[in-house]
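> One structure follows; several queries about it will come next.
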Amino acid sequence: MAYSIPHILQCYAQGYFLMADSDYQTLNWYSSRKRALIPLDDRFRYPKSLRRVLNQDRFEIAFNRDFDGVVESCANRETTWISDELKAIYRMLHRAGHAHSFETWQGDQLAGGVLGIVLGGAFIGESMFFNIPDGSKVAMVKLVEWLRSQNFLLFDAQMMNPHLARFGAYIVESEVYEDILYQAIQRPCQFLPTASRPLSPRQVPLHQKRKE
């Protein structure tokens, strides 16, 4: 099946997302009656042990430094919904400025990151991974703080799991999700920093409130 960028964005704007079936050959659109969201307000939390890691500044933050590497790392697991066709779609969306990777690095090693699609003030998280312990956790915390600072309204995690619950993720019904998504898309938010330069952890504020 051929996928065009306008069609893909339209489907995401309506609350659908792409996943490969268990045979890894067929790509289909899915929706869910219950959607997992990462809070961008005071409900967001993380383990106290992670505070020590954050204070140690072990990781450097970067945007799209190795987008292809993030896609491959997200797909590199025993059971994956990211087929070769979906990888190609992510790369197409990235070239068009709609798909991004938010990354943590230790030296020249990609430590972890989050892959997502941006529509206005909505960040639709597709997947996350780590190569170094705490790499994805730090990416999650720093991404939330970045989205707050950029006035994003929505961080969609799609489906709940125990890992996301530790960060305060919560479930909303599809009707509520669609309303929030519609409002978020109307916001003219900028995801990438100026000149898309890499940021050190201390350059992403930990406690900045989301603008109203």
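The values are calculated or read from the model by the stated rules, or taken from the named source; none is laboratory data. Here the structure is a predicted model, which means the values were calculated and not measured. Cβ coordinates were reconstructed from backbone atoms using ideal geometry, including for glycine residues, and neighbour counts include every protein chain displayed.
> Among helices (runs of 4 or more DSSP H) lying entirely in the stretch 74-178, which contain 1 or more residues that are among the β-branched types (Val, Ile, Thr) and within 23 Å of Leu192 (Cα to Cα)?
On the way: elements: 84-95, 135-149, 162-165.
Answer list for the stretch 74-178: 84-95, 135-149.
> Please find, within the stretch 5-29, the residue that is modelled with the lowest pLDDT out of those that are assigned to a loop (DSSP other than H, G, I, E, B) and within 22 Å of Asp156 (Cβ to Cβ). Even if it seems obvious, please write down each step before you answer.
Initial filter on the stretch 5-29 (assigned to a loop (DSSP other than H, G, I, E, B)): 14-16, 21-26.
Subset that is within 22 Å of Asp156 (Cβ to Cβ): 14-16, 21.
Values: Gln14: 96, Gly15: 96, Tyr16: 96, Asp21: 86.
Only one residue tops the list, namely Asp21.
> Ok, one more. Can you report the number of residues in the stretch 86-135 which are free of Cβ contacts under 8 Å to residues at least 60 places away in the same chain, under 11 Å from the mean Cα position of the chain (by Cα) and within 19 Å of Met160 (Cα to Cα)?
The number of residues fulfilling the criteria is 7.
> Tell me, yes or no, whether the stretch 192-208 has at least one residue that is surrounded by 13 or more Cβ atoms within 10 Å (Cβ to Cβ), at pLDDT 50 or above, assigned to a helix (DSSP H, G or I) and within 19 Å of the chain's Cα centre (by Cα).
The answer is no, given that none of the residues of the stretch 192-208 is surrounded by 13 or more Cβ atoms within 10 Å (Cβ to Cβ), at pLDDT 50 or above, assigned to a helix (DSSP H, G or I) and within 19 Å of the chain's Cα centre (by Cα).
> Name the single residue, out of those in the stretch 154-177 being charged (D, E, K, R) and touching a residue at least 60 places away in the same chain (Cβ under 8 Å), that is surrounded by the most Cβ atoms within 10 Å (Cβ to Cβ).
Quick first cut of the stretch 154-177, residues charged (D, E, K, R) only: 156, 166, 173, 175.
Retained after the next criterion (residues that are touching a residue at least 60 places away in the same chain (Cβ under 8 Å)): 156, 166, 173.
On the way: Asp156: 24, Arg166: 14, Glu173: 12.
Filtering the stretch 154-177 for residues that are charged (D, E, K, R) and touching a residue at least 60 places away in the same chain (Cβ under 8 Å), the one surrounded by the most Cβ atoms within 10 Å (Cβ to Cβ) comes out as Asp156.
> Here's another thing I want to ask about it. Going through the stretch 30-66 one residue at a time, which ones are surrounded by fewer than 16 Cβ atoms within 10 Å (Cβ to Cβ) and not in a loop (DSSP other than H, G, I, E, B)?
Residues satisfying the conditions are Tyr30, Lys34, Lys48, Ser49, Arg51, Arg52, Asn55.
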